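Since the structure comes first, as structure tokens, the remarks are kept for the end.
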Amino acid sequence: AAARYLLRLQANKGDTYAEFPALIRGVREFLAYAPEYEAVASAIMNGFINDGLEGCVVDKCGTKYSVYLKSLYWNEVNTTNAIRRLMRTARPVDCNPEELCAYAEKICGVKYAEQQREAFQLLKTGGVGIITGGPGTGKTTVIKGLLAAYQKMFPDRVIKLCAPTGRASQRMKEATGREATTIHRLLEYKPFENTATYKNGANPIDADFLFVDEGSMISIDVADLLFSAIRSGTTVLIAGDIDQLPSVGTGNVLNDLIESGVIPVIALKKTHRQAEGSVIIDNAKKIREGYSNLSACDDFEIFVRDDDEIPDVIEEQFLKYYKTEDVFSAQVLVPARKRQGTGAKDINKRLQAIINTSSKGLTYSDTTFKTGDKVMLMRNNYTAEDAYFNGDVGVVLSTDETGLDLLIDGQKIRIDESQLNDVSLAYATTIHKSQGSEYDVAICVMPSEPSIMLQRNLLYTAITRAKKKVILIAAPNAIDRAVFTRDSVKRQSLLVDRLQGKK
């Protein structure tokens, strides 16, 4: 039980496994005050090596032992097997990438740079391909062109688009003019008690070309579900920004796929003409490269304040830019949910008291939901009549004694009393939760605490959520500390080794 508990803690930190010596050290510390703990730890050690442990898998390579929760072990193995299968069954196309590129330029009304033109080679080779790039590098423009070129070659083939969250899929739909869905909706995922039904190898996704956006958000369990359900011979393109935060879930799938070297990667790095002069993009590039001398202007305001002054500045700036008729007009982004004063929970209560003064509403725990409130769904619920997904954002249409009616992406969703724990006010949200979303104005908050959250990829992710304007509110030295602190703790995963055939 102690070992499984520690493995779950490792998984929550993003690791798919724990190295055996580190796990045993953890077990010894965990049982330090238990009678005969040395004997218990030794028994666990022998049990692992000789017989394994219920719910766990020991993966041996030479003299090295890696201990997994069984589910994560199979997630990693299944993802490896699925990627290998998709690469092995790739359907190369007899085409001229230059001609396809020229056609895409005509359709999209653009002129691709040399780096962008290379992406059209991915249509020739088939299989799995990856396109990476930060804001302003023309990722979306390239993807629109690739979709148009593929459809020209194969007008009768099925093209599908998906992303990890509802908001990310909505953004993709807006950018490409094509239908897009969440990964879970694409999989037709429906859980029943202790099991679930979903698309899989025996009943695969009906697509000849599958485009997956926001690849950095994909965790190893979702990767297993998705790649295992893709039909052999399908062309799969994954897009993402590797400088953003890794997935909230376990693993670091996009980085591992790139690092393995078994999948062709087009890395877009050049900022293009339409993005030149954007201070948001210039500052994002500075942060990515480790420079903290950010430029301030009308489109990128910087306020340096002590922690106790930060909430007042948030309130002032939010009231200036938030439009009740457009909940995505302005968004407060904070590092932590529960930090006193500057956490999402406290900021939400403060802003709600000013934005929504109605005395009527439905109270659940310490939150009163009122008509007109901006809310976010915090969990997936596939079993509800109106299924909803973690990260979906909408507005409260009405409240009554038994629940809420929400409007999310134009769809009315009923939340009954038993589901209220899944709903949170969303005037402010964590930077992690904002991944896959964009806002006209992003109010990015960097307080001095919790200091562990002051990291480069967190600040980079926050400011790249803004389409038109960034308001950066930071404690003294917080920007420097964030920019100079890389997330130096590499997530433990053997996906790279498995893809390279070392496992």
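Before moving on, here are some points about what is shown:
- Evaluation of D308 against the conditions (1) assigned to a loop (DSSP other than H, G, I, E, B); (2) over 30 Å from K502 (Cα atoms); (3) not basic (K, R) shows that the sole unmet condition is (1).
- With respect to the conditions (1) in contact (Cβ under 8 Å) with a residue 12 or more places away in the chain; (2) surrounded by fewer than 21 Cβ atoms within 10 Å (Cβ to Cβ), A202 falls short on a single one, namely (1).
A quick yes/no check of all residues on (1) touching a Pro at 6+ places or on another chain (Cβ under 9 Å); (2) hydroxyl-bearing (S, T, Y); (3) surrounded by 15 or more Cβ atoms within 10 Å (Cβ to Cβ); (4) free of Cβ contacts under 8 Å to residues at least 12 places away in the same chain:
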{"position": "P335", "(1), (2), (3), (4)": "yes, no, yes, no"}
{"position": "T342", "(1), (2), (3), (4)": "yes, yes, yes, no"}
{"position": "L351", "(1), (2), (3), (4)": "no, no, yes, no"}
{"position": "K360", "(1), (2), (3), (4)": "no, no, no, no"}
{"position": "I408", "(1), (2), (3), (4)": "no, no, yes, no"}
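- Look at (1) within 29 Å of D243 (Cβ to Cβ); (2) assigned by TED's automatic domain parsing to the domain that holds T176; (3) surrounded by fewer than 22 Cβ atoms within 10 Å (Cβ to Cβ); (4) touching a residue at least 12 places away in the same chain (Cβ under 8 Å) and you find that V77 fails only one, number (2).
- At least 3 residues being of a type in the set (D, E, K, R) and either more than 31 Å from the chain's Cα centre (by Cα) or at pLDDT 80 or above (or both) is the threshold, and among the helices (runs of 4 or more DSSP H) wholly inside the stretch 1-119 those reaching it are 20-30, 70-88, 97-108.
- Exactly one residue among A223, A284 is closer than 24 Å to T429 by Cβ and not in a loop (DSSP other than H, G, I, E, B), and that residue is A284.
- Any chance G129 is outside any helix (DSSP H, G or I) and under 15 Å from R91 (Cβ atoms): yes
- Selection within the stretch 180-199 - in a loop (DSSP other than H, G, I, E, B) and either polar (S, T, N, Q) or buried (at least 21 other Cβ atoms within 10 Å of the Cβ) (or both): A180, L187, N194
- Just one of (1) outside any loop (DSSP other than H, G, I, E, B); (2) over 16 Å from the mean Cα position of the chain (by Cα); (3) surrounded by 21 or more Cβ atoms within 10 Å (Cβ to Cβ); (4) β-branched (V, I, T) fails for T140. It is (3).
- The residue list S247, S232, S216 contains one member that is of a type in the set (S, T, Y) and either part of a helix (DSSP H, G or I) or free of Cβ contacts under 8 Å to residues at least 24 places away in the same chain (or both), which is S216.
- When the residues of the stretch 299-323 are filtered to those that are without any contact (Cβ under 8 Å) to a residue 60 or more places away in the chain and loosely packed, with under 12 Cβ neighbours inside 10 Å, the one that is nearest to V393 (Cα to Cα) is K323.
- Number of residues in the stretch 269-288 that are at pLDDT below 95 and either among the basic types (K, R) or more than 20 Å from R456 (Cβ to Cβ) (or both): the value is 10.
- Matching entry among V327, V313 (being within 23 Å of K467 (Cα to Cα), of a type in the set (V, I, T) and under 23 Å from the mean Cα position of the chain (by Cα)): V327
- Taking the criterion of being aliphatic (A, V, I, L, M) and more than 22 Å from A207 (Cβ to Cβ), the residues of the stretch 233-261 that qualify are I242, L245, V248, I258.
- Only residues that are assigned to a strand (DSSP E or B), aromatic (F, W, Y) and either out of contact with any helix residue (DSSP H, G or I) (no Cβ under 6 Å at 6 or more places or on another chain) or surrounded by 18 or more Cβ atoms within 10 Å (Cβ to Cβ) (or both) were counted in the stretch 362-403, giving 2.
The values are calculated or read from the model by the stated rules, or taken from the named source; none is laboratory data. All values reported here derive from a predicted model rather than from experimental measurement. Every residue, glycine as well, gets a Cβ built from its backbone with ideal geometry; the counts of neighbours run over all protein chains shown.
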